[in-house]
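Computed from the coordinates by the stated procedures, all read-outs in this text should not be read as laboratory data. What you see is a predicted model, and the numbers here were worked out from it, not measured in a lab. Using ideal geometry, Cβ is built from the backbone for each residue, glycine included, and neighbour counts are taken over all protein chains shown.
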């Protein structure tokens, strides 16, 4: 296995994990929106309460630094959008740049 193949394997594995994390972020956003609008009452359903708390533990530590950087926009929270854009476009772009710099500059 060459170094380029190993790099691509690791990158694909990381991107697969980030795809799963993207769905976790979307589930958290939908769950908090449903709770905020009163569609779901987490006080009466302990399973939903545990699910929302688990999603919050997975997503909030990543969203909080983004919230600290973004200016206050009132009731709108754009941090999940920024995080999703970074996952979908920023990280693959960085992986492509690193691949080009490391493996394609030998000539």
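For residue 27, indicate whether it is in a helix (DSSP H, G or I), surrounded by 13 or more Cβ atoms within 10 Å (Cβ to Cβ) and out of contact with any helix residue (DSSP H, G or I) (no Cβ under 8 Å at 6 or more places or on another chain). Taking the combined requirement at face value, the residue does not satisfy it. Exactly one residue out of 95, 103 is closer than 30 Å to residue 2 by Cα, surrounded by 14 or more Cβ atoms within 10 Å (Cβ to Cβ) and more than 16 Å from the chain's Cα centre (by Cα), and it is 95. In summary, residue 48 fulfils each of the numbered conditions (1) in a helix (DSSP H, G or I); (2) under 20 Å from the mean Cα position of the chain (by Cα); (3) without any contact (Cβ under 8 Å) to a residue 40 or more places away in the chain; (4) surrounded by 14 or more Cβ atoms within 10 Å (Cβ to Cβ) with the single exception of condition (2).
In the condition set (1) out of contact with any helix residue (DSSP H, G or I) (no Cβ under 8 Å at 6 or more places or on another chain); (2) surrounded by 11 or more Cβ atoms within 10 Å (Cβ to Cβ); (3) not in a helix (DSSP H, G or I), residue 42 is compliant with all but (1).
Can you find even one residue in segment 69-87 that is in contact (Cβ under 8 Å) with a residue 60 or more places away in the chain, under 27 Å from residue 7 (Cβ atoms), surrounded by 14 or more Cβ atoms within 10 Å (Cβ to Cβ) and in contact with a helix residue (DSSP H, G or I) (Cβ under 9 Å, 6 or more places away or on another chain)? There is at least one residue in segment 69-87 that is in contact (Cβ under 8 Å) with a residue 60 or more places away in the chain, under 27 Å from residue 7 (Cβ atoms), surrounded by 14 or more Cβ atoms within 10 Å (Cβ to Cβ) and in contact with a helix residue (DSSP H, G or I) (Cβ under 9 Å, 6 or more places away or on another chain). Residue count for segment 58-107, restricted to those that are under 14 Å from residue 25 (Cβ atoms) and assigned to a loop (DSSP other than H, G, I, E, B): 2. Residues in segment 93-107 that are under 18 Å from residue 22 (Cα atoms) and touching a helix residue (DSSP H, G or I) at 6+ places or on another chain (Cβ under 7 Å): 1 in all.
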